[in-house]
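J.: Right, I'll just put the structure down here and ask away after.
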Ligand SMILES: Nc1ncnc2c1ncn2[C@@H]1O[C@H](COP(=O)(O)OP(=O)(O)OP(=O)(O)O)[C@@H](O)[C@H]1O
Ligand SMILES: [Mg+2]
């Protein structure tokens, strides 16, 4: 039986959190592997939350649940008070509200930088001209105005991740989920990508949940969540 709370709970200040994660678990192999095991977590609008913890502790699994890329074994996640289990078209929900940045960029190799950035809004009612101009403007903001028509294979790792960050923002998301976004980059590119991601999300007041092993990154977060054996504990402000 799937036990779910009846409604999202307001934060102590009375505001509805952007994310309200209630006793969420994700089990594999008929419960033998408990990737996420009873996580309770609320994240406020505009917060920057870093998630750290050892390998295999459930960080990516939790992010996939928050991003509705996986369905919890039990528990419920609310986005601005709306339960995920009641959303009929999850793909449409994701394309409207969530941006994703992955360690390995996840760009489509046969599409140009511009076309990759346009992917999340292809199903929207935007005109082609609006899609292109928004994508071009975001890429320019990432310092890639002269790379719009390049394919991923011809871009450096840092440039690819900047394309991915532009892609994560084209739908004006309320929430960006980033899973070790600097994990594949050298320190110079990692720093540049990080500044662009943190700076852009501050400018647009986007909530950011970032998995990272880098303590210098988590030190800049509003709050650090430490995962251990599928469970979460809060370490409070800035690492
Ligand atoms: N599809 C799956 N089937 C079975 N077990 C899985 C599956 N996905 C994840 N797991 C297990 O769940 C646990 C958590 O995995 P997860 O990828 O979330 O860890 P992580 O904290 O992101 O680790 P890392 O830091 O190495 O990326 C691990 O023990 C993993 O083996
Ligand atoms: Mg992971």
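Only the coordinates and a few stated rules stand behind these numbers; no lab work does. Because the structure is a prediction, the values reported are computed rather than measured. So basically every Cβ, Gly included, is an ideal-geometry build from the backbone, and we count neighbours across all protein chains shown.
J.: Relative to the compact globular guide of 2.2 N^0.38 Å, what is the alpha carbon radius of gyration of the stretch 121-167, as a ratio?
T.: Cα-based Rg divided by the globular estimate yields 1.16.
J.: If you project the alpha carbons of the stretch 81-239 onto the principal axes, what extent comes out on each, in Å, largest first?
T.: 45, 43, 27
J.: Cα centroid distance between the stretch 160-239 and the stretch 79-144, in Å?
T.: Cα centroid to Cα centroid, the span is 17 Å.
J.: How would you classify the stretch 1-137 from its alpha-carbon gyration tensor, with a ≥ b ≥ c the square roots of the eigenvalues: rounded for a/c under 1.5, else prolate if a/b is greater than b/c, otherwise oblate?
T.: The shape class here is prolate.
J.: If R0 is 30 Å, what FRET efficiency do you get for residue 80 and residue 137 from their C-beta distance, rounded to 0.05?
T.: Once rounded, the FRET efficiency stands at 0.65.
J.: Follow-up question, since we're still on this one. How far is it, in nm, from the label point at residue 127 to the one at residue 87 when both lie 7 Å from their Cα along the line to the Cβ?
T.: 3.0
J.: I need two numbers for the stretch 72-171: Rg to one decimal and Dmax as a whole number, Cα atoms only, in Å.
T.: 15.1, 47
J.: Further question: What order do you get for 84, 78 when you list them from fewest to most C-beta neighbours inside 10 Å?
T.: In increasing order of surrounding Cβ atoms, one gets 84, 78.
J.: Could you quote the convex hull projected area for the stretch 65-116, Cα atoms only and averaged over all directions, in nm²?
T.: 4.9
J.: Another question, then. Which peptide among 166-172, 129-135 comes first, and what is the full order, when sorted by highest mean count of other Cβ atoms within 10 Å?
T.: Top to bottom by mean Cβ count within 10 Å: 166-172, 129-135.
J.: Please compute the Kirkwood hydrodynamic radius of the stretch 146-239 from all pairs of different C-alpha atoms, in Å with one decimal.
T.: With all distinct Cα pairs of the stretch 146-239 included, I get 14.4 Å.
J.: Antiparallel as a % of all DSSP beta bridges within the stretch 64-216, to the nearest 5?
T.: 15
J.: May I pose another question? Treating the angle as unsigned and between 0 and 90°, give the value, to the nearest 10°, between the Cα long axis of helix 128-141 and the longest Cα principal axis of the chain.
T.: Helix 128-141 sits roughly 90 degrees off the main axis of the chain.
J.: What order do you get for 85-91, 144-150, 101-107 when each peptide is scored by the mean count of other beta carbon atoms within 10 Å, highest first?
T.: Sorting 85-91, 144-150, 101-107 by mean packing, highest first, produces 101-107, 144-150, 85-91.
J.: Rank by packing, highest mean first: peptides 93-99, 17-23, with packing defined as the count of other Cβ atoms within 10 Å averaged across residues.
T.: 17-23, 93-99
J.: Under the rule a/c < 1.5 gives rounded, and otherwise a/b versus b/c splits prolate from oblate, where does the stretch 32-83 land using the Cα gyration tensor?
T.: Verdict is oblate for the stretch 32-83.
J.: According to the square roots a ≥ b ≥ c of the eigenvalues of the Cα gyration tensor, what is the shape class of the stretch 172-212, taking rounded for a/c under 1.5, prolate for a/b larger than b/c otherwise, and oblate for the remainder?
T.: In terms of gyration-tensor shape, oblate.
J.: Could I ask something else about it? Mind giving me the nanometre distance, one decimal, between the label points for residue 213 and residue 149, set 7 Å out from Cα along Cα→Cβ?
T.: 4.0
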